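K.L.:
Just dropping this structure here.
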Amino acid sequence: MSDPTTTLENPHAAGHGSDEAHAHGPKKPVRLYTLILTCLLILTGLTVLVAQFDFGDWNVFAAMLIATVKASLVALFFMHLLHDKGMNAIILCSALLFLGLFLSFDFMDSTTRFEITPANGAAPAGSDFHRPKNLGVPFGGAKNVKPPAEAPK
């Protein structure tokens, strides 16, 4: 460490008190990062595709699953947690555990609520209370949706 050429040639090793270089990343980062970018773009397309269909109560879970996979890829490769010390991974996993715990409380609370309907039982402004009729039609637009039947007067 007393050799002044160590700090000029390899400043990273000098900071650790060692003369040897440390590799903190993949051997071919451009190829790996391109692959991860491709995976993220495919998962984004999958998110858009899944959003076109009505899975009922499973919509949120499907979206959260895809978002978790995408966030894991970003954390592991772009934030270098895969090649970092284990303590950072423990901190990340515990943060995600508590996030899941807090979100589960929200999901439990929202599933126990009653559906609120007005006293006259009619939807406001003649609309439907529930999901739109064309939510399950992917990329179809208004041409594939039957118009709602007129209410008897």
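K.L.:
For the pair ILE36 and ASP109, how long in nm is the line joining their label points, each one 7 Å along Cα→Cβ?
P.N.:
For the pair ILE36/ASP109, the computed spacing is 3.5 nm.
K.L.:
Any idea which of LEU101, LEU46, ALA62 is furthest toward the positive side of the dipole for the stretch 27-110, if Lys and Arg beta-carbons carry +1 and Asp and Glu beta-carbons -1?
P.N.:
The listed residue farthest towards the positive side: LEU46.
K.L.:
Separate question: For the stretch 27-110, just say rounded, prolate or oblate: build the C-alpha gyration tensor, square-root its eigenvalues into a ≥ b ≥ c, call rounded for a/c under 1.5, and beyond that prolate if a/b exceeds b/c, oblate if not.
P.N.:
Working: a/c = 5.69, a/b = 1.28, b/c = 4.45.
Oblate shape, in that a/c is at least 1.5 and b/c is the bigger or equal ratio.
K.L.:
Oh, and also: May I ask you to order 46-56, 69-79 by the average number of other C-beta atoms within 10 Å around their residues, highest value first?
P.N.:
Working: 46-56: 12.5, 69-79: 14.6.
Highest to lowest by the protection proxy: 69-79, 46-56.
Bear in mind that the values in this text are calculations on the coordinates, not laboratory data. What you see is a predicted model, and the numbers here were worked out from it, not measured in a lab. Glycine gets a Cβ as well: all are built from the backbone with ideal geometry, and neighbour counts include every protein chain shown.
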